[in-house]
């Protein structure tokens, strides 16, 4: 069930990226898209009724910690991608005075 | 245990903070040169070691394989490492004046930082034995390359970089998703372990799902038709030295990932035989190569023309690889090397000829032969190599490509490949026509210093050398190919 | 060191030397000397042929069983002598011709002429298809600057056609054909070919077709258009390269492929009748087109296309007598056609006559040239007492022994057509009165001498034809 919802998120992000011509909205789409994969990884680690993988004295079922760690890295990557994208958009705004993709493509052809 | 594999990745990374902190462009250039030279020396040592003693594994922190992260240097990775290291060295050595003229001086040190990071990413992708690390290194190289592209001196450079960022990120996320799927069914990220686990896995559908996502993700990175759109824009709008650098490395990394994932990790499942994926891919690439060559002929901007040509040549590499026979894989590996060298040298020549020019049109080449006879002869050799005439490196790869297609009895694709490789002559001719038979219209061109001849002449000689003496390319590629297909060297 | 290698190294060094001396005004002298010396070397190779035949000189192994290797066989010796002898005489002719016609880029001419001859000799010495392919492409590329020596719009257009047809066919047909051969038999060597075994007839025929189309230098229709295009080149180029070196290279390659690579494993198959028809079509069609050409050079070019097909016809039938005829015609056509072209060059240079319709009465002011032209024309038609008759005789014998009645009738028709377009030329120069009859201009001595020499050799060959015939009959693959 959660997987299905996750897939909706995945598709949603992709659709936003493809459909929107506003560059900032595209970045938002990209973020949604990335988040869906992150959630997918976290879902993988979850076992039935498992608790967070925090070391304590008594033993119990705990989630697989590896995907969490991986996603931590992926989130860092995602943040840097987003920030780079936003920085580029700022520069585009200065150059073209617009952040609409269609208008930029129309420009100087 | 020898520390060389990890040093190849770490060393450029260590130089990065130094470059940022120094903030001086003269020094930063020297550091980049130093790093590239060291890098190349280390790669050479490692390669020699691997070729004589077999694959080298390096366990980071001493943790054994499935738990710890490992670096894996086998012949395949060494081949690509040598290629990347060499291309990086050539570009770095010849880039000083170009960078000074094209990148604003306050940003030069950042440019070099990104360059180093990009190279680190490339070597990391090649050396790592951990599929998630591959994703991380992919992103390192991609992020730095977005920055490098945005430094172009054309108005659209930033926009091209952003578009590449979007497409590249989608590709990377697809790869990540596929990695997640593979992890879901096997519980491991180590490549060797993954191979073992996948052989006994039951859920074939999920594997197929992963394969499709990987295909798209990596296809974006390696500009597989029809995912090539970004490549044209990036090549056209990024700083010309970056184009030169990427033409020999960036897409080849995509090819490497293909090799690593499809012909190494997933080899036992035969990923390409599922759902006759190979037929679909070959057909797609063949259609692609026809269209792309047609577009290339229509271009008037040389950079775009060569970019299209690159996509076409990449399609050849794919076709040969997908055939999955020893000669096919040999062909594709040989063509990876030869095409990298040919395309890089062509771009490098153009870059050095038109350092401060934004857009290089075909007509700008007019009258080159009278002004720069030596460069013109080099340029002629490179162009003929692109067409694949004998005595040049291009001929060797073409020979193997056609040989493998004939052996696989794909007569139709053989004829397509043969015809399109002839069509290459049409756009190459457009350049030669300008160079030799058109009068120069504008006098302000060809700022070229004596010492800049050296890399061009060297690459030209290399092209001829590789066209005659092929033990370095064909010999190595053949042993890799037999290793992939029969599992023995 | 082998004489073969010495010859090739000599030519290469001469090329470098010519390039260094390209600004010297007496570059033509160097070129004459080089061509003479090359002829001397090839003669000594001919004399020492017993030692040289069959010895292989491997330069470099490029990859598995594919190498750049040289050797010499009997057909090679024949071609070697003919081309180098004619090169020397053409070179004498050219040094005068270029001066008279005000070519200002003579250095380019000599450098690339030498380059083309280097490639031709390379083709002669090639031991395998790979080496031959390399020199084949070099020959195409090196003749291109010769064709476009005068750079105007029309010539560049013709030059492009020339280059694209020759390069295109070689890349599209020849290279795959070589690779198919390599992939089927594992060898592309002439000296020890591996027979085709278990290969279906369709693939064999298909590969042969690829070879025939691939060596477009042999000008089999429909890939013959480059030859008329090449006629924009200066006459020495048309004469030596486009009547001897280049076109004969194409035929030479096909001869070797059919006799050595295919001949070792197959005999004439009924399905090879396809090629006979194709070649017969070329013979008739080219003669018909030649009839309608007014320009002398174009008429000669179309005649070349037809004559080359005679040679191919003899080869493809794979019968001893027809092969003998083919090889004889290989030599004789070279002499006949070069004489015709060089005479045409004299007409154009001295008398500004470029078309057949302007040739009236030339014999009175240019007797030697007209005599040479007549001999050349008779060789082409195949009338006694010229050498053309000998080869045609053997060709008809060979064809009738193989019961190729279609081909025989085509040869007869073509002979009539040949007569139809050569005899009017002879008639016009001798029996018509033209505007030029009373002209003060005479034929240039320096131009006439080499032409007349070639003519004399050609005439002599008819009377001393027995040694030539017996030499060719000794060739191993006649059996």
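Its DSSP H runs of at least 4 residues, each contributing -39,500 (n - 2.57), put the calculated 222 nm mean residue ellipticity of chain A at -25000 deg cm²/dmol, to the nearest 500. Looking at the square roots a ≥ b ≥ c of the eigenvalues of the Cα gyration tensor of the protein assembly as shown, which shape do they give, rounded for a/c under 1.5, prolate if a/b is larger than b/c, or oblate? Note, shape of the protein assembly as shown comes out prolate.
Rounded, prolate or oblate for the range C:370-479? Axes are the square roots of the Cα gyration tensor eigenvalues, ordered a ≥ b ≥ c, and the cut-off for rounded is a/c under 1.5. Oblate is the answer for the range C:370-479, as a/c is 1.5 or above yet b/c matches or exceeds a/b. The fewest-to-most ranking of B:483, C:154, B:327 by surrounding Cβ atoms within 10 Å reads C:154, B:483, B:327.
Its alpha carbons considered, the range B:359-433 gives a radius of gyration followed by a Dmax of 15.2, 48 Å. Would you work out if the range C:268-479 is rounded, prolate or oblate? Take a ≥ b ≥ c from the square roots of the eigenvalues of the alpha-carbon gyration tensor; rounded if a/c is under 1.5, else prolate when a/b is larger than b/c, oblate otherwise. Since a/c reaches 1.5 and a/b is larger than b/c, the shape of the range C:268-479 is classed as prolate. Helix content alone sets the calculated 222 nm mean residue ellipticity of chain B: runs of n ≥ 4 DSSP H residues at -39500 (n - 2.57) each, divided across all residues, give -24500 deg cm²/dmol. Over all pairs of different C-alpha atoms, the range B:328-489 has a mean inverse distance whose reciprocal, the Kirkwood radius, equals 17.0 Å. Taking every residue in B:149-159 and counting other chain Cβ atoms within 10 Å of its Cβ, the average works out to 4. Exposure proxy ranking for B:159, B:25, based on other Cβ atoms within 10 angstrom of each Cβ and starting from the fewest, stands as B:25, B:159. With contributions of -39500 (n - 2.57) from each DSSP H run of at least four residues, the per-residue ellipticity at 222 nm computed over chain C stands at -22500 deg cm²/dmol.
Peptide A:67-79 is shielded by partner chain Cβ atoms: per residue, an average of 4 of them sit within 10 Å of its Cβ. Assuming R0 = 30 Å, what is the FRET efficiency of residue B:464 and residue C:55, from their Cβ-Cβ distance, to the nearest 0.05? Efficiency, rounded to the nearest 0.05: 0.60.
Take each residue of peptide C:404-415, count the partner chain Cβ atoms within 10 Å of its Cβ, and average: the result is 0. Put in line by how crowded their Cβ is, counting other Cβ atoms within 10 Å and starting with the fewest, C:23, C:329 read C:23, C:329. The angle between the Cα long axis of helix B:25-53 and the longest principal axis of the Cα atoms of chain B comes to about 50 degrees, rounded to the nearest 10. Peptide packing for B:143-155, C:299-311, C:226-238 was compared via the average number of neighbouring C-beta atoms within 10 Å per residue; ordered from the highest value, the list is C:299-311, C:226-238, B:143-155. Extent along the principal axes, Cα only, for chain B: 68, 58, 42 Å, with the longest axis given first. Rounded to the nearest 10 degrees, the angle from helix B:476-486 to the longest Cα principal axis of chain B is 30 degrees.
Binning the alpha carbon pair distances of chain C at 20 angstrom intervals from zero yields the distribution 26, 60, 14, 0, expressed in whole percent.
Ranked by the mean number of other Cβ atoms within 10 Å of their residues, highest first, the peptides C:172-178, B:299-305 come out as C:172-178, B:299-305.
Quick note: the coordinates plus some simple rules give every number you see, no bench work behind them. Since the structure is predicted, the reported quantities are computational estimates derived from the model, not experimental observations. Please note: Cβ atoms are built from the backbone with ideal geometry, for glycine as well, and neighbour counts cover all protein chains shown.
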